[in-house]
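Enquirer: The structure under discussion is supplied below as structure tokens; questions concerning it will follow.
The values are calculated or read from the model by the stated rules, or taken from the named source; none is laboratory data. The model shown is predicted, which means the values in this text are computed figures rather than measured ones. For neighbour counting, all protein chains shown are included, and Cβ atoms are generated from backbone atoms with ideal geometry for every residue, glycine included.
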Amino acid sequence: MNIASVIIYCFIVTFTPGPTNIVILSTVHNFGVKKALEYTYGATIAFGALLIISAMLNTALITVIPKILIVMQTIGSIYMLYLAYQIYKMDSSDSNGTKDGTFMSGFTMQFLNPKVVLFTMTVFPNFILPYYTSMSVLTISALVITIIGFLAFITWVLFGAIFKSFLQKHEKMVNVIMTLFLVYAAIMIWM
């Protein structure tokens, strides 16, 4: 297992702008850090729950249909390349805010967020299940990835509070760097 690839993939997908991160940023500016943190806690719990569900579903698929791995690797790689393209062409100036920053809105958003759902359904078959299937390793992996997600959300809260104008000024350069890292992670699935 290439741990560097899985860590890079997790960091890039969770730290790059997406619906949850943009809502967190907007919540900080509209309602303050305290509301953004409340939203973040809900998003983190849902993210962990989605990872656990994904680990169980993917383990069942791998056990029942071993040939599905190549399909999941292909889907995961294509999705990562799609994300790289989306990040490259991204313009965060058209993001919308949320009317509230509650725990429940953060929790619910994760189940409706295609970026999160696709990420949780691809990280296990692409990076972990080809090498490990024991429940303890899957549980530890889900916990570690959830912590990475939480760190990403907290980072967006801090970015919203401190670095918003700087990031907007250098948005294209940041997007290009994140795109290149995501393309690297997609390529590493096949090695």
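Enquirer: Taking only pairs six or more apart or across chains, which ones have beta-carbon atoms under 9 Å, a first residue in the range 97-126 that is farther than 18 Å from Ala152 by Cα, and a second residue that is assigned to a loop (DSSP other than H, G, I, E, B) and at pLDDT 85 or above?
Expert: That search, which allows pairs on different chains as well, returns nothing.
Enquirer: Follow-up question, since we're still on this one. Residues that are of a type in the set (Phe, Trp, Tyr) and closer than 13 Å to Phe15 by Cβ: find the helices (runs of 4 or more DSSP H) completely inside the range 108-178 holding 2 or more of those. Break it down stepwise before answering.
Expert: On the way: elements: 114-123, 135-162, 164-169.
In the range 108-178, 135-162 are the helices (runs of 4 or more DSSP H) which contain 2 or more residues that are of a type in the set (Phe, Trp, Tyr) and closer than 13 Å to Phe15 by Cβ.
Enquirer: Would you check if Ile62 is of a type in the set (Val, Ile, Thr), at pLDDT 85 or above, surrounded by fewer than 19 Cβ atoms within 10 Å (Cβ to Cβ) and part of a helix (DSSP H, G or I)? Spell out how you get there, then give the answer.
Expert: Details: of a type in the set (Val, Ile, Thr): yes; at pLDDT 85 or above: no; surrounded by fewer than 19 Cβ atoms within 10 Å (Cβ to Cβ): yes; part of a helix (DSSP H, G or I): yes.
The answer is no for Ile62.
Enquirer: Within the range 122-159, restricting attention to residues that are crowded, with 22+ Cβ neighbours inside 10 Å and at pLDDT below 90, which residue is farthest from Tyr79 (Cα to Cα)?
Expert: Looking at residues that are crowded, with 22+ Cβ neighbours inside 10 Å and at pLDDT below 90, I get Leu129.
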